[in-house]
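Presented below is the structure to which this report refers.
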Amino acid sequence: MTENPNVPVLCATGVSAIVAGDAGDFRVLDGVSLEVDAGEIVDITGSSGCGKTTLLRALARLLPGAVGTLSLRGVSAHDLTPQAWRAAVALLPQKPTMVAGTVRENLLLPWTLKVRAQQSAPEDAVLRAALDGLHLSDVSLERDTDRLSVGQQARIALLRILMTNPSVLMLDEPDANLDDASAAQVTQATSQFASAGGAVIRVRHQRTDALASRRFSMCGGQLTETTS
Amino acid sequence: MSGAGGVIVIGWWQLALATGLMVLTGALSVALKLGVAKQLAIATARTYAQLLLLGLVLGWIFGLDSPWAVLGVLVIMTGVAALTIARRAPDAPAGTTGISFLAMLLVGTFITFVVTGLIVRVEPWYLPRYVIPIAGMVLGNSMNGIALALERTFSDMDARSGEILALTALGATPWEAAAPSIRRAMRAAMIPGINTLSAAGIVFIPGMMAGQLLAGADPMAAAPYQIVVMVMVATADITGSTLAVMLTYRRRFGADDIYLERGYRPDSRS
């Protein structure tokens, strides 16, 4: 993909979606537009069920029936396969999910996929350093993921996606189930990713910090910028 | 009383005597208050009615000696089996009935005529006395394998919906996201066939061989038939379920290869 420094990393225009609710179908996203630049961290807040998670899924092209225009560094989503798009616009779901196996197998999972067939998987030394960097020194690469705490799983799921070096990182309440120490490590890793030129969108519900350069509130299927 | 080919014919009185065994079973059910006496009576009556009707229909088809009649029976058997699969695999997506019909038609036709044409070498090729029972065994086993594999595949995918979301978010294709469920389901579908192959002749005398022995056949003539039948039904089971699963798993994914979780499926929005 040819990079153009004058266009946002991610540009979404008029994103709408209708989902089924208890009282019938309703418009959960109503013409949402959002641009995120390289190195920028954007926070989205809002009440439970207002559509924050739905928006992230739409931006990852993971929402059935979503409409709107998406582009990545000026390249239309239509020109990229869904797999190539998701490899570049990476969503970390709120619930950390490990596949059965060891920590190593989980960290290397992205490189077992066809979309990264041309890339070489990181060596053990790189994986070890990455774990140490997120204060997971006590977790061996051979440990079965069934023996990880929720906080450890959340950080390993984040690490797994960070090591793929996406253009955009979308985090759905990344520290919702974490203690303060683990949440601080996730915040630090997110900050480092943005400092290296990555764009970040965070859906937040509980904690606040000073990382975000822009904040949006979601209500009635629409985004409103609250500070700049 | 003996009939043609050394078969001891069971008459109406003997059939009535056999019913006495079911009366004994029903009495046990009543005495132990199992609450199944009525179902037992209905099921027994159905067995009599269905098998006697089958005997009449097969006798009629055998008498017609027509390839079209044989092919018609095969299509009807395949259709009924496809409807049965749709009922036994409620987690499978819409369109499963048609795909199951196609999978069984391909597998059933291929295996049946390989066996009757190349192995047993019947003349003419449609000889109903051979083709219909063999197709019945092929379709019956194929139906069981397909129903089990489809049900396991789609219920496992639903159980793994969080993992499938994580995988697709990492860039997995539908096949890469669904493969663990498909492999588990295929293994589950194959195990009964493998167990049957392993236990044949030791734990039990398989049905076809038992039938031939009762009909007066030489055991060494009956054994090769049974071997062919067992290999045939195992192949039907495995190929049928593989074909059906491979043709259906993508129906759980929508446009942009998005996995359709329960809340996003048209059938869950009512």
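What residue among A:Leu159, B:Met186, A:Leu91 has its Cα farthest toward the positive end of the dipole of the protein assembly as shown, where the charges are +1 on Lys, Arg and -1 on Asp, Glu, each on the Cβ? Going by the charge dipole, the pick is B:Met186. With a 1.4 angstrom probe, the accessible area lost at the A-B interface totals about 2100 Å². Taking every residue in B:247-255 and counting other chain Cβ atoms within 10 Å of its Cβ, the average works out to 1. With a 10 Å cut-off around each Cβ of A:76-82, the average count of Cβ atoms from other chains is 2. At a probe radius of 1.4 angstrom, the accessible area of the protein assembly as shown per residue rounds to 50 square angstrom.
Which value does Rg/Rh take for the range A:125-200 over its C-alpha atoms, Rh per Kirkwood? Write out the running numbers ahead of the final one.
Values: Rg = 12.0 Å, Rh = 12.8 Å.
Ratio of gyration radius to Kirkwood radius for the range A:125-200: 0.94.
Near A:Gly68, once Lys and Arg are set to +1 and Asp and Glu to -1 for all other residues with Cβ below 12 Å from its Cβ, the sum equals 0. Taking 1.002 mPa s as the viscosity and 20 °C as the temperature, the Stokes-Einstein diffusion coefficient of the range B:169-211 based on its alpha-carbon Kirkwood radius rounds to 164 µm²/s. The mean sequence distance of close C-alpha pairs (under 8 Å, at least 6 residues apart), as a share of the length of chain B, puts its relative contact order at 22 percent.
Out of all DSSP beta bridges in chain A, what portion is antiparallel? Express it as a percent rounded to 5.
On the way: 22 of 39 bridges.
That works out to approximately 55 percent antiparallel.
With both partners inside the protein assembly as shown, how many of the DSSP beta bridges are antiparallel, as a percent to the nearest 5? Don't jump to the answer; show the numbers that get you there.
Values: 24 of 42 bridges.
Among the beta bridges of the protein assembly as shown, antiparallel pairing accounts for roughly 55 percent.
Remark: C-alpha extents of chain B on the principal axes read 72, 54, 37 Å, sorted largest to smallest. Using heavy atoms of the protein chains and a probe of 1.4 Å, the accessible area assigned to A:Cys219 is about 100 Å². Computed over Cα pairs, the Kirkwood radius of the range A:5-58 leads via Stokes-Einstein (1.567 mPa s, 4 °C) to a diffusion coefficient of 103 µm² per second. A Förster radius of 45 Å combined with the Cβ-Cβ distance from A:Arg27 to B:Val75 puts the calculated FRET efficiency at roughly 0.40. Computed extension length for B:Ala94-B:Val114: 4.0 nm, one decimal, from 0.36 nm per residue of separation with the Cα-Cα distance subtracted. For the Cα atoms of chain A, what angle does the longest principal axis make with the long axis of helix A:150-162, in degrees from 0 to 90, nearest 10? Taking the Cα atoms of chain A, the angle to A:150-162 is about 80 degrees. Residue-normalised convex hull volume from the C-alpha trace of the range A:4-134: 160 Å³ per residue.
What whole-number value in cubic angstrom gives the convex hull volume per residue for the C-alpha atoms of the range B:52-139? Display every interim value, and only then the final one.
On the way: hull volume 7.8 nm³, N = 88.
It comes to 89 Å³ per residue, whole-number rounded.
Working note: Debye formula, equal point scatterers on the alpha-carbon atoms of the range B:1-64, no solvent; log10 I(q)/I(0) at q = 0.18, 0.24 Å⁻¹ is -0.80, -1.05.
Contact with the other protein chains removes 10 Å² or more of accessible area, compared with the isolated chain and a 1.4 Å probe, from these residues of the range B:128-176: B:Gly162, B:Glu163, B:Leu165, B:Ala166, B:Leu167, B:Thr168, B:Ala169, B:Leu170, B:Gly171, B:Ala172, B:Thr173, B:Glu176.
Counts of other chain beta carbons within 10 angstrom of each beta carbon in peptide A:97-109 average 2.
Kirkwood radius and radius of gyration were both taken over the C-alpha atoms of the protein assembly as shown, and their ratio Rg/Rh is 1.13.
For the range B:135-270, take the convex hull of the Cα atoms, compute a quarter of its surface area, and give me that in nm², please.
10.3 nm²
For the range B:22-137, the fraction of 1.4 Å probe accessible surface lying on carbon and sulfur atoms is 75 percent.
Across all directions, the average projected area of the convex hull around the alpha carbons of chain A is 12.8 nm².
How would you order B:128-141, B:10-23, B:246-259 from highest to lowest mean count of nearby Cβ atoms within 10 Å? Before the final figure, lay out each step's value.
Working: B:128-141: 21.3, B:10-23: 10.6, B:246-259: 18.6.
Packing proxy ranking, top to bottom: B:128-141, B:246-259, B:10-23.
A crude spin-label estimate for the pair A:Asp79 and B:Leu83, with each label 7 Å from Cα along the Cβ direction, gives 5.4 nm.
Below 8 Å between Cα atoms, with a sequence gap of 6+, how large is the relative contact order for chain A in percent? Could you put the intermediate results ahead of the total?
Numbers: 413 pairs, mean separation 68.7, N = 228.
Reported relative contact order: 30 percent.
Placing a label point 7 Å from the Cα of A:Gln222 along the Cα-to-Cβ direction, the residues of the range A:5-26 whose backbone N falls under 16 Å from that point are A:13-17.
The values are calculated or read from the model by the stated rules, or taken from the named source; none is laboratory data. Just so it is clear, the model here is predicted, and its values are computed rather than measured. All Cβ positions, glycine included, derive from the backbone under ideal geometry; neighbour counts span all protein chains shown. When the accessible area is computed, the model is the full protein with side chains, heavy atoms only, and any ligands, DNA or RNA have been set aside. Shrake-Rupley method; radii C 1.70, N 1.55, O 1.52, S 1.80 Å.
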